[in-house]
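Heads up, the thing below is written out as structure tokens.
The values are calculated or read from the model by the stated rules, or taken from the named source; none is laboratory data. These numbers were taken from a predicted model, which means no experiment stands behind them. Every residue, glycine as well, gets a Cβ built from its backbone with ideal geometry; the counts of neighbours run over all protein chains shown.
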Amino acid sequence: MSYRAASRLLCLTLSHHIPCRTAFTGRLAVTASRTMSTTPDKPQTMATAGSSQPATEEWNFEVTPVPKNPLGEGKYIKTAGCLIIGDEILNGKTLDRNSNYFARFCFENGIELKRIEVVPDEEDDIVEASRRMVQKYDFVITSGGIGPTHDDITYASLAKSFNQGLVHHQETLRRMMEMSKNRPWISQQTEEQRTARERMALFPDKAEVLFVAKDLWVPVVRLEGKLCIFPGIPGLFQRLLDHLVPFLPLPPPNERPFRLQVFTNLPESSIAPYLTDLQKRVKNEGVRVGSYPLLQRGVYVSLIGLDEERVKELGDEVVERLQGKVMTEVEVRQAKDSK
């Protein structure tokens with residue numbers, strides 16, 4: 001299947017919420033949006049060929065009931081790993097942002113993200129990395145490689161990782177067909193295109209298939225109770241991850257860290273001795289101190305700990321000593337994006 005055919009297929013099939021303006025990355029097309037996790041080097045846009053788009057339909061698929069805690073009663077996720085799959089990440093064609101979204105998700109939910117790793121579209125690399133991460137961490141995600149083209153090998157590679165076969169998941173196929181049955185292009189597909197499309201529902205045969213959103217046909221496929229397989233398309237990655245929350249044994253609120261950030265115009269070399277002393281003083285309290293300079297603008301000092309009141313108290317000290325000011329998470333992101 002050509003790149004253009006594959007991109008159109010993904011754009012129209014995966015979700016009716018995603019507009020069919022497509023930016024080409026060379027391997028697959030990804031939806032152009034404000035929240036893209038991939039940035040192509042020379043994006044092009046294309047209008048949908050053929051007749052105009054059908055009117056937006058509302059879908060109300062059944063969401064999977066929340067199963068028992070896969071880690072065991074009373075246990076919750078403490079550590080996580082992130083496996084990004086794709087040649088286009090490694091050759092610089094595409095900029096990954098899904099790992100950043102996942103890192104923020106982990107921090108906000110009290111999970112310690114221990115590793116982010118990028119591997120090529122090679123079976124051996126996917127098998128080795130996925131096995132290693134599942135052995136070490138409580139929660140592992142993969143992103144990318146589940147589309148309809150020849151180099152989308154994530155499902156097959158992960159099936160091999162955990163000694164499983166592959167089988168078409170009938171409910172996924174049904175939902176896929178239901179959402180696309182009124183599309184004008186569906187009747188024009190060749191047998192080869194239909195086969196490619198159905199590869200997106202070819203899952204490891206012992207996997208859990210979790211339908212987490214009532215208006216999406218694409219599920220989150222979970223292996224070994226802890227490895228969750230996500231698409232690389234940003235809008236889908238983010239929506240599926242956010243909707244997966246009820247299915248995850250997350251840490252209780254009192255186990256989730258609080259972060260406070262202070263901005264100072266002083267150079268990092270001037271404040272380094274104070275921050276070194278501060279970290280020594282608060283290390284036994286479980287508070288972490290970090291500094292992150294913005295070139296020729298100043299430094300962000302980050303304080304992270306479980307005791308919100310203690311972190312705020314230390315923040316007041318840092319503000320006074322460094323002639324700084326407390327910044328919100330949103331203000332910090334905006335400042336960094338504008339640098």
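When each of 113, 83 is tested for being more than 22 Å from residue 256 (Cα to Cα) and within 17 Å of the chain's Cα centre (by Cα), the lone residue that passes is 83.
Of the residues 203, 237, the single one that is under 16 Å from residue 144 (Cα atoms) and more than 19 Å from the chain's Cα centre (by Cα) is 203. Just to be sure before I move on: is residue 246 within 30 Å of residue 209 (Cβ to Cβ), out of contact with any strand residue (DSSP E or B) (no Cβ under 6 Å at 6 or more places or on another chain), in a helix (DSSP H, G or I) and in contact (Cβ under 8 Å) with a residue 12 or more places away in the chain in the structure I sent? The answer is yes for residue 246. Are any residues in the stretch 206-219 surrounded by fewer than 22 Cβ atoms within 10 Å (Cβ to Cβ), among the β-branched types (Val, Ile, Thr) and under 17 Å from the mean Cα position of the chain (by Cα), and if so, which ones? If the condition is that a residue be surrounded by fewer than 22 Cβ atoms within 10 Å (Cβ to Cβ), among the β-branched types (Val, Ile, Thr) and under 17 Å from the mean Cα position of the chain (by Cα), then 212 is the only one that fits. Among the residues making up the stretch 284-296, those that are within 31 Å of the chain's Cα centre (by Cα) and either touching a residue at least 40 places away in the same chain (Cβ under 8 Å) or assigned to a helix (DSSP H, G or I) (or both) are 294, 295. Candidates are the residues of the stretch 160-186 that are crowded, with 19+ Cβ neighbours inside 10 Å and among the aliphatic types (A, V, I, L, M); the one that is farthest from the chain's Cα centre (by Cα) is 179.
This table checks each residue for (1) more than 21 Å from residue 220 (Cα to Cα); (2) modelled with pLDDT of 95 or more.
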{"position": "96", "(1), (2)": "no, yes"}
{"position": "134", "(1), (2)": "no, yes"}
{"position": "140", "(1), (2)": "no, yes"}
{"position": "147", "(1), (2)": "no, no"}
{"position": "177", "(1), (2)": "no, no"}
{"position": "184", "(1), (2)": "yes, no"}
{"position": "187", "(1), (2)": "yes, no"}
{"position": "193", "(1), (2)": "yes, no"}
